[in-house]
Amino acid sequence: MEEQKTELKMIRMSEVESQEVKWLWYPFIPYGKPTIIQGDPGDGKTTLVLNIAAKLSKGECLDSDMDVQEPVNVIYQTAEDGLADTVKPRLEIAGADCEKILVIDESDKSLSMADERLEEALAKTEAKVLILDPIQAYLGGGMDMNRANEARDMTKKLGALAEKYQCAILLIGHMNKASGNKAAYRGMGSIDFFAVARSVLLVGRIEGEPNTRAVVQIKNNLAAFGHPKVFMLSEMGFHWLGDYEITADEVLGGIAPKANKLEQAKQMLRELAETTNMVQSNEVFEMADEQGISKRTMENAKKELGIRAKKINNSWYWELDTVKQR
């Protein structure tokens, strides 16, 4: 068959209006782009996403890097959990405003990534977040996610949808069994799914801490990589803990972190407090850098120990008197 000719259209970059990327959660989840959240089954991906959705439904933030000014609508599609016996109870435990959490009814026809109902739902509800959990369930019957050309068409449509409605599209993905591979290649299916996402987050267990889950960014095309985070799962529910020192390799390999840098930072400050009541902040950061501890981690240690900063002759000092009391 003769291939149909496509009309040539050219775009001058002078005619393209520059736009700044807007973020739902900097630098983890951008608006107008797809984000992948992947991990092994049972490691907390869905729990994290449901708790983010619950916060958004009330206009609240998970942490200070999340930018939410008012309650927003969230479309949440799941093919693995029952709405009545699993999703609704989990949202209620998370304190969600369930009026803001919406689901496209799939009773007549299963949904796919190419389904026109996705765009109709975004236009109708003005939802700022669309969640598909898991990716594999929304491919459509005839699509093979391991074939690059088919995956590319699907991901291109999703990217265009996110950009048109300036919503964040979250794709939840299971990892494959290929231990030892790079995180990018352990996502299920074609690498094109990983390629189209502007941000990819890995959720996994921390060796030696059975109730704690790490969130590590393994791809970011729009900003510097975000600092790893952790949350805890317990009988009381979901607890966000914030910054943590761990790598993707440690999560994937089931390796205990070489050192909890936050505890290392606090110990360093305790030792300093034994010999001095006050130390210049620049000296603290220099000492921390020598031990491989980031400035951000030192600031977190300072906060947890209740250390106050004081300015003397245009220099900042940390007062260590409170450390001796702990």
Mean shadow area of the chain, taken as a quarter of the surface of its Cα convex hull (nm²): 22.9 nm²
Work out the charge dipole of the chain with +1 on the Cβ of Lys and Arg and -1 on the Cβ of Asp and Glu about the Cα centre, then indicate which of Ile246, Leu130, Ser315 is farthest towards its positive end. Ser315
To the nearest 20 debye, what is the magnitude of the charge dipole of region 1-133 about its Cα centre, counting +1 on the Cβ of each Lys and Arg and -1 on the Cβ of each Asp and Glu? 260 debye
Taking amide H positions as placed 1.01 Å from N in the peptide plane, with prolines and chain starts having none, which residues 5 or more places from Met278, or on another chain, fall under 5 Å of its amide H? Leu320
Just to confirm the number: angle between the C-alpha axis of helix 116-125 and the first principal axis of the chain, 0 to 90 degrees, nearest 10? 50 degrees
For region 210-232 and region 258-303, write down the distance between their C-alpha centroids in whole Å. 22 Å
How big is the C-alpha Rg of region 13-158 next to the rule-of-thumb value 2.2 N^0.38 Å, as a ratio? 1.10
Using alpha-carbon coordinates, inclination of helix 281-290 to the longest axis of the chain, degrees: 70 degrees
Based on Cα coordinates alone, diagonalise the gyration tensor for region 244-326, multiply each eigenvalue by 5, take square roots, and list the semi-axes in whole Å, largest first. 27, 13, 10
Beta carbons within 10 angstrom, averaged per residue: use that to sort the peptides 130-137, 60-67, 244-251, highest first. 130-137, 244-251, 60-67
Could you state the per residue volume, in Å³, of the convex hull enclosing the Cα atoms of region 232-279? 135 Å³
Backbone HN-Hα couplings from phi across region 237-242 [Karplus 6.51/-1.76/1.60, Hz, Gly and Pro as x]: x, 9, 10, 7, 10, x
If I fit a long axis through the Cα atoms of helix 261-273 and take the longest principal axis of the Cα atoms of the chain, what angle between them do I get, 0 to 90°, rounded to 10? 20 degrees
So, counting K/R as plus one and D/E as minus one, what does the shell of residues with Cβ under 11 Å around Arg205 add up to? -4
Show the residues, 5+ positions off or on another chain, whose built amide H is closer than 5 Å to the amide H of Trp25. Asp67
Using unit Cβ charges (K, R positive; D, E negative) and no other charged atoms, how large, in debye to the nearest 20, is the dipole of region 238-306 about its Cα centre? 200 debye
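Throughout, read-outs are computed from the coordinates displayed, never taken from laboratory work. Just so it is clear, the structure is predicted and the values come from calculations on it, not from any experiment. Here the Cβ is made from the backbone with ideal geometry for all residues, glycine too, and neighbour counts use every protein chain on show.
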